[in-house]
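Worksheet: the structure to be examined is printed underneath.
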Amino acid sequence: MSTSLRDRLRSLPAFPATLPTFDPSTAPEHAAELFLQWLDDALARGVAQPHVFTLSTAGPTGHVTARTLILKDLVDGQWVFAGARSTRKGIDLAANPSAAMTFYWPELGRQVRLTGEVEELPSTVAAADWAARPAVTDSHNPDWAAWALTPTEVEFWQASHDRQHVRHWYRAAP
């Protein structure tokens with residue numbers, strides 16, 4: 001890395017002093033509850049597209065890829081998303097059903113990171129999601145799938161302007 005770029009990157013501001021605070025001792029028992037609280041807070045504060053996340057997968061070759069998706073639902077501790085089976089994401093998940101999801105709301109200095117196993121949901125779930133998409137012209141897409149990630153770990157991260165960031169983990173029982 002060039003010195004000038006390194007200096008420019010180091011000079012960028014970290015986080016403002018007006019970020020929300022987070023006390024892990026007040027966190028609810030289940031990760032999904034805290035996520036919904038943070039999502040509601042992001043919506044109330046006008047965060048654009050707080051349902052967008054990065055999905056990271058590793059396919060048959062072991063190479064990791066990431067892409068941005070939209071959270072479709074959160075039901076019974078499962079985090080639901082959708083897409084085409086024929087895409088890199090679908091191919092990766094068919095070969096290796098482990099994945100990571102990362103939500104990041106820079107305006108709030110908050111990140112939620114999940115890792116876990118992914119399962120394909122019944123075709124009725126995928127069909128309902130496909131039908132609900134805006135501007136759908138075909139009534140059926142056999143390539144469309146819905147998946148659910150069941151986390152084995154969820155990390156909530158709250159930034160602080162003084163870089164004393166707060167982390168809180170939920171882990172599934174072995």
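The values are calculated or read from the model by the stated rules, or taken from the named source; none is laboratory data. Every value quoted in this text rests on a predicted model; they were computed, and no experiment measured them. Neighbour counts run over all protein chains shown; Cβ positions are idealised from the backbone, glycine included. Remember, those area values only see protein heavy atoms, side chains included, never the ligands or the DNA or RNA. Shrake-Rupley method; radii C 1.70, N 1.55, O 1.52, S 1.80 Å.
Observations
- Test set (1) more than 19 Å from HIS51 (Cα to Cα); (2) touching a residue at least 12 places away in the same chain (Cβ under 8 Å); (3) of a type outside the set (A, V, I, L, M, F, W, C) - LYS89 fails condition number: (1)
- Here PRO106 clears all of (1) of a type outside the set (Ser, Thr, Tyr); (2) touching a Ser or Thr at 6+ places or on another chain (Cβ under 6 Å); (3) open to solvent by 40 Å² or more (accessible area, probe 1.4 Å) except the condition numbered (2).
- On inspection, ALA131 does not qualify as crowded, with 17+ Cβ neighbours inside 10 Å and without any contact (Cβ under 8 Å) to a residue 60 or more places away in the chain.
- Close pairs (8 angstrom Cβ cut-off, 6 or more residues apart or separate chains): at pLDDT below 95 in the stretch 66-77, part of a loop (DSSP other than H, G, I, E, B) anywhere: GLY77/HIS30
- Wholly within the stretch 98-174, strands (runs of 3 or more DSSP E) carrying at least 3 residues that are more than 15 Å from PHE22 (Cβ to Cβ) and hydrophobic (A, V, I, L, M, F, W, C): 98-105, 144-158
- Residues within the stretch 33-75 that are open to solvent by 60 Å² or more (accessible area, probe 1.4 Å) and assigned to a helix (DSSP H, G or I), tallied: 6
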